[in-house]
1. Is it possible to state the helix-based mean residue ellipticity at 222 nm for the chain, with each DSSP H run of 4+ residues giving -39500 (n - 2.57), the sum divided by total residues, to the nearest 500 deg cm²/dmol? What is it?
2. Tell me, in nm to one decimal, what length is gained between Asp138 and Arg80 on full extension, where the rule is 0.36 nm per residue of separation less the Cα-Cα distance?
3. Using the C-alpha gyration tensor of segment 162-214, what are the square roots of 5 times its eigenvalues, in whole angstrom, with the largest one first?
4. With charges set only on the Cβ (+1 for Lys and Arg, -1 for Asp and Glu), what does the dipole of the chain come to about its Cα centre, in debye to the nearest 20?
5. Highest mean first, what order results for 159-170, 118-129 on Cβ atoms within 10 Å?
6. At a Förster radius of 30 Å, what calculated FRET efficiency corresponds to the Cβ-Cβ distance of Asp164 and Leu97, to the nearest 0.05?
7. Using the structure shown, select from Lys8/Lys176; Lys82/Lys205; Lys44/Lys72; Lys94/Lys145; Lys121/Lys176; Lys29/Lys82 the pairs with a Cα to Cα distance greater than 20 angstrom.
8. Would you pull out the residues with amide H under 5 Å of Arg77's amide H, same chain only if 5 or more places away, H placed 1.01 Å from N?
Amino acid sequence: MKVYELSKELNIPNKELVQFIQSLGIDVKHHLGVISDEDVDRIKSALAKQDKVVKPKKEMETKKTETTKQWKPDLKRMIRIKNIAQGKLIYVSKRQLGYTVEWPNSGDVNYLELGEFINLKNTDRRFVTEPWIRILEDDEVEILKYANIYQHYKGILGIDNITDMLKEDFESFKKKFDNLPKGFKNTVAEHAARMIKAGELDSIKIKDYIEEEMGIELELPTRGD
């Protein structure tokens, strides 16, 4: 579960909830961070002890259902899109003549009209099936479901930083890696190769597992080879 989803359930502002979670020693950096079911129970228990208002389960489920029903797409709305591939991305609209959006580098963020994003997923499907881009909005899941592409993203929703993922213990990494779409596994492998080159990937088990699963060698050739 993402922090902002729990925030909605408990009716506590994102910023306040993030600070409270951090005070419990749970590693989250922002409202898009992911927390385990075990941590959710721990957070609710700690809130209850501090007399924070925690809505009854039935009321929370009702509110969540109502929120889902009330969500409506505004196709003219601008949404933030992040380049999660390992190189430059260029999108050329098939709907608006001369309309082009560029992400020069991995990690770059640009804006796209929601209606244009729907057009992108219909005309340039590899952007979302690999996937090469990620929505940076609180209602990311609702947008993905509306666009009928949630299935391509459900394995990466809990991954905010590939470097952090590659620095996790082997079992945690393996669990996430196994659920990734093939295209994003390639992105992780390329990122791992660069970390190896820089001497930043410490886990031999993670390196070996990626190589075995992808059928590749991660070491990058030195200049002049």
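1. Working: 12 runs with 111 residues, N = 225.
After summing the helix terms and dividing by the residues of the chain, the value is -14000 deg cm²/dmol.
2. Values: separation 58, 0.36 × 58 = 20.88 nm, distance 1.05 nm.
Result: 19.8 nm gained on full extension.
3. Working: eigenvalues 46, 31, 19 Å².
Each semi-axis is the square root of five times an eigenvalue, giving 15, 12, 10 Å.
4. Numbers: 39 positive and 40 negative charges, 187 e Å.
With Lys and Arg at +1 and Asp and Glu at -1, about 900 debye.
5. Numbers: 159-170: 15.5, 118-129: 17.1.
The packing order, highest mean first, is 118-129, 159-170.
6. On the way: r = 41 Å, r/R0 = 1.37.
Efficiency, from the Cβ-Cβ distance: 0.15.
7. Values: Lys8/Lys176 25 Å; Lys82/Lys205 30 Å; Lys44/Lys72 30 Å; Lys94/Lys145 23 Å; Lys121/Lys176 25 Å; Lys29/Lys82 18 Å.
Cα-Cα > 20 Å for Lys8/Lys176; Lys82/Lys205; Lys44/Lys72; Lys94/Lys145; Lys121/Lys176; rest within.
8. Leu114, Gly115
No lab work stands behind these numbers, since they all come straight from the coordinates. No experiment lies behind these values; they were computed from the predicted model shown. Positions of Cβ are generated from backbone atoms using ideal geometry, with glycine treated the same way; all protein chains shown enter the neighbour counts.
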